[in-house]
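Visitor: Here it is, the structure in full.
The values are calculated or read from the model by the stated rules, or taken from the named source; none is laboratory data. Since we're looking at a predicted model, the values are computed, not measured. So basically every Cβ, Gly included, is an ideal-geometry build from the backbone, and we count neighbours across all protein chains shown.
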Amino acid sequence: MAILNNRRGAMTLFSNQNCPNSHRARLVLAEKGISFDLCIVDPANPPEDFLELNPYQTMPTLVDRDLVLYHAPVITEYLDERFPHPPLMPVDPVSRARCRLALYRIEKDWYGLLDALRSDQEEAAAKARKIFRDSLIASSEVFEAMPYFLSEEFSLVDCSLAPLLWRLSDFGIEIPSSEKALHAYMKRVFGRGAFKSSLSMQEKELCVF
């Protein structure tokens, strides 16, 4: 975390044009109906003010007045607490803990595959695709049990998972049509107005769902 003085008043999100981590931050902002300035950053040529804000030069990076945050899970949970309506986390402690555990597992098990999925080494990419595909299929009961992931209501867990699912075709992963619950979940989430408005121009071309 960094604190800067004399920042402009508007909330600003520094975002990649096509990045699941940036996408989930944009999705939370859209679900909350938060007004913000969007700054699309070219990783190969980042602006100087971005380099000053984030020593790791990672995206997304959120600036809210004098507060600067990076790392998508930190940003999304901050936004949910800063703008509590509509809530994207359960109210009771047990459900919140379960939600955080699901977020941790998605982060570790699925976001942890991103580098391999994008690797130029086909063996590593193929292995990652199989792990991701098999893991999703193994979770079919979870997708079938409730409208959203482990919940009756759309949550931060869905905000984290949806950007990955939107990129399945881009990753070269095909989910069998027999996995009806997963396909129904994706249709439900991708059909949300906030999800559609969270997409960058490049991301709109990724999924043929």
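Visitor: With 175, 131 as the choices, which residue is of a type outside the set (S, T, N, Q), outside any helix (DSSP H, G or I), surrounded by 13 or more Cβ atoms within 10 Å (Cβ to Cβ) and in contact (Cβ under 8 Å) with a residue 12 or more places away in the chain? Steps first, answer last, please.
Guide: Working: 131 fails: outside any helix (DSSP H, G or I).
Selected residue: 175, the only one of 175, 131 that is of a type outside the set (S, T, N, Q), outside any helix (DSSP H, G or I), surrounded by 13 or more Cβ atoms within 10 Å (Cβ to Cβ) and in contact (Cβ under 8 Å) with a residue 12 or more places away in the chain.
Visitor: Just checking, which of 123, 81, 152 is surrounded by fewer than 12 Cβ atoms within 10 Å (Cβ to Cβ), closer than 23 Å to residue 191 by Cβ and not hydroxyl-bearing (Ser, Thr, Tyr)?
Guide: 152
Visitor: Among what's in segment 9-27 and is surrounded by fewer than 24 Cβ atoms within 10 Å (Cβ to Cβ) and more than 18 Å from residue 57 (Cβ to Cβ), pick the residue that is modelled with the highest pLDDT.
Guide: Step by step, filter segment 9-27, then rank; the result is 11.
Visitor: Could you tell me whether segment 187-204 includes any residue that is surrounded by 14 or more Cβ atoms within 10 Å (Cβ to Cβ) and out of contact with any Phe, Trp or Tyr (no Cβ under 9 Å at 6 or more places or on another chain)?
Guide: Of segment 187-204, the ones surrounded by 14 or more Cβ atoms within 10 Å (Cβ to Cβ) are 188-190, 192, 194-195, 198-200, 203.
If we keep only those that are out of contact with any Phe, Trp or Tyr (no Cβ under 9 Å at 6 or more places or on another chain) too, we end up with 198, 200.
Yes, because at least one residue in segment 187-204 is surrounded by 14 or more Cβ atoms within 10 Å (Cβ to Cβ) and out of contact with any Phe, Trp or Tyr (no Cβ under 9 Å at 6 or more places or on another chain).
Visitor: Still on this model: Quick check on my filter: what residues within segment 140-172 are outside any helix (DSSP H, G or I) and either in contact with a Pro (Cβ under 9 Å, 6 or more places away or on another chain) or free of Cβ contacts under 8 Å to residues at least 12 places away in the same chain (or both)? Show your work before the answer.
Guide: Initial filter on segment 140-172 (outside any helix (DSSP H, G or I)): 146-155, 167, 172.
Residues satisfying the conditions are 146, 151, 152, 153, 154, 155, 167.
Visitor: Report every pair of residues separated by at least 6 positions or lying on different chains whose Cβ atoms are under 8 Å apart, first residue within segment 106-127 and within 16 Å of residue 19 (Cβ to Cβ) and outside the structural domain of residue 156 (by TED's automatic domain parsing), second among the polar types (S, T, N, Q) and part of a helix (DSSP H, G or I).
Guide: Every condition considered, no pair remains.
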